[in-house]
Amino acid sequence: MRTKEIIKTILLILLVASSMVLTFKIWNFSPDLTDADTSSQDQTTKAIGPRFDHDFDEVITPLQMIHVTGSKFNGLPADKQVHELLNELQDQQITKVEDIQNEQVILLRELSDNLLVLDYPTDTPLTVYLNDIFDISAKVPEQFMFDRLVFDLDSRDDVVIYALQENRQRAIKLTTSISTKTMKQKLQGMKQNLVPYTAVMTNRATLNEATYLYAPQKPKHIQSYRTIFNSISIEDLNAILFDDTPIVRTANSGNMTYNNNTGVVNYDIEKQTYSYSNLSEDDLSMRNMTVSIPRTIDFINKHGGFTDDFRLFQTNAKKGEITYQMFQDGRPVFYDSPLNQIRMIWGERGISEYNRGLLKTNVTIDNGEKNLESVEKVRAGLIENNAVDFAHVQHMIVGYRMKTESGPESTQDVQNSSQFVPAWFIQYNHTWYEYEDGELTAV
């Protein structure tokens with residue numbers, strides 16, 4: 001009898017001990033979910049192109065670069081060479097920040113005669129440009145927006161950068177740790193590819209080398225292209241924006257509407273354009289571009305939305321609207337409908353509006369070269385046009401017009417036979433126009 005009691009006691013002790021061990025393991029158990037997370041993400045995250053394919057420095061780029069040496073001006077559009085040159089800013093330091101303001105136009109009297117001028121297509125937050133692109137920490141005004149950078153390459157051993165506000169009444173002077181010798185060497189390697197530019201005075205704000213409007217002098221041998229597009233899946237976009245929730249679909253005279261409790265999509269079948277509105281973000285758009293620009297870039301990247309070379313092209317702080325436009329060879333591509341653009345508004349809690357074309361480049365082949373008329377002839381044509389006030393001209397650039405034989409109304413023709421044709425484009429009073437024979441046509 002005593003032996004049975006001893007055995008029971010031992011078994012009870014073993015059971016209690018094993019229970020304690022199991023309880024401890026359960027409390028401290030941490031499963032390896034690496035493969036599970038990856039598999040789950042691959043299955044649930046929809047994409048219309050390669051994810052995280054565009055870095056910030058590929059999306060926020062200059063429109064053109066001009067090297068000023070005395071009275072000589074040479075430049076080129078913002079191609080890969082300009083991108084490589086700007087890589088010299090990576091992980092550098094800002095040793096001094098100065099805020100320069102003037103009620104009329106900043107003169108920047110300390111500038112040397114060896115400058116690098118970078119023009120940007122729209123107002124860009126300086127904090128985003130420094131922090132998110134080049135990982136440079138600097139105490140600059142948070143809401144300061146610039147559309148031109150001027151690098152002084154001869155002021156001292158280190159490069160001094162001036163970020164100019166659009167109205168040219170304010171600039172932020174940044175003393176950097178970048179060696180002027182290094183930047184000059186990089187520029188020397190690019191010298192053979194630079195072409196002559198002309199400095200143009202348009203109004204009282206374009207007084208000197210820091211504030212002139214610059215344009216290519218005689219654009220020659222500009223490559224044209226023939227392009228074939230593929231269609232982006234409407235189902236994939238819906239799955240991204242509606243998060244696989246039930247969708248109601250209705251058709252009405254060439255348009256398709258998709259909606260659920262949180263959002264609505266208008267799909268123009270003929271024009272191949274897609275417009276999404278988040279109903280819960282109505283009238284709550286984010287006006288702070290230092291927040292909304294990085295968030296829209298992240299959002300587009302996560303579902304592979306940069307299906308072509310899209311770059312930041314327009315910002316509207318009043319509406320909170322941001323436009324990314326298609327580029328080719330560092331030049332913007334213009335079209336009659338928004339097939340070449342991604343337009344977004346970021347709300348207080350997430351995406352508010354998302355509009356884009358549903359075509360992506362499949363094949364692009366060379367289609368000959370074209371020479372354009374000189375900037376002097378373009379300038380003269382604009383001045384002679386009584387409907388144009390030359391003081392409101394902001395940019396004069398060479399870009400591409402996307403054109404089809406049957407016109408923009410035929411989506412099938414756009415997909416099968418599209419051309420990128422070089423042409424002059426003018427930004428006039430914050431709107432872009434194509435220039436031809438003295439006339440401006442909105443694009």
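A 1.4 Å probe run over the range 258-407, with the rest of the protein chains in place, finds 42 Å² accessible per residue.
In nm, give the distance between the simple-model label positions of Glu376 and Gln93, each being 7 Å from the Cα along the Cα-to-Cβ direction. About 4.9 nm separates the two model spin labels. Across the cross-link table entries Lys318/Lys377; Lys220/Lys403; Lys191/Lys377; Lys218/Lys318; Lys377/Lys403, which are compared at the Cα atoms, the separations over 29 Å belong to Lys318/Lys377; Lys218/Lys318.
The slack between Ala138 and Glu103, meaning 0.36 nm per residue of separation minus the straight C-alpha distance, is 10.1 nm. Between the C-alpha center of the range 230-297 and that of the range 103-143 there is a gap of 35 Å. Applying 1/(1 + (r/R0)^6) with R0 = 25 Å to the Cβ-Cβ distance of Glu434 and Asn230 gives a FRET efficiency near 0.40.
Please tell me the relative contact order of the range 233-328 in percent, rounded to the nearest whole number, where contacts are Cα pairs under 8 Å and at least six residues apart.
Computed value for the range 233-328: 15 percent relative contact order.
Annotation for Gln223 and Asp57: the two label points, set 7 Å from Cα along the Cα-Cβ direction, are 2.3 nm apart. FRET efficiency for the pair Asn266 and Asn316, taken as 1/(1 + (r/R0)^6) with r the Cβ-Cβ distance and R0 = 22 Å, rounds to 0.60.
Between Asp157 and Asn193, the contour length at 0.36 nm per residue exceeds the Cα-Cα span by 10.3 nm.
Across the chain, the relative contact order, built from alpha-carbon pairs under 8 Å that are at least six residues apart, equals 16 percent. Dimensions of the chain based on its C-alpha atoms, expressed as ranges along the principal axes with the largest first, amount to 118, 62, 41 Å.
Any idea what angle helix 289-302 forms with the longest principal axis of the chain, computed on alpha-carbon atoms, 0 to 90 degrees, nearest 10? Helix 289-302 and the main axis of the chain meet at about 60 degrees.
On the protein heavy atoms, probe 1.4 angstrom, tell me the percent of accessible surface of the chain carried by carbon and sulfur.
Working: 10590 of 22450 Å².
Looking at the chain in its full context, I get 47 percent from C and S.
Between Glu348 and Met256, what FRET efficiency follows from the Cβ-Cβ distance if R0 is 30 Å, with the result rounded to 0.05?
Details: r = 29 Å, r/R0 = 0.97.
Calculated value: 0.55.
Against the chain, whose longest principal axis comes from its Cα atoms, helix 2-27 is set at around 10 degrees. Based on DSSP H segments of at least four residues, each scored -39500 (n - 2.57), the chain has a per-residue ellipticity at 222 nm of -6500 deg cm²/dmol. Relative to the dominant Cα principal axis of the chain, helix 34-44 is inclined by about 60°.
Between the DSSP loop rule and a limit of at most 16 other Cβ atoms within 10 Å, which trypsin sites (Lys or Arg not before Pro) in the range 133-174 are left? Hits after loop and neighbour filter: Lys139, Arg156.
The values are calculated or read from the model by the stated rules, or taken from the named source; none is laboratory data. Worth saying up front: this structure is predicted, and the values here are computed from it rather than measured. Cβ sites come from the backbone with ideal geometry, for glycine too, and all protein chains shown count toward neighbours. SASA here: full protein model, heavy atoms, side chains in, ligands and nucleic acids out. Shrake-Rupley method; radii C 1.70, N 1.55, O 1.52, S 1.80 Å.
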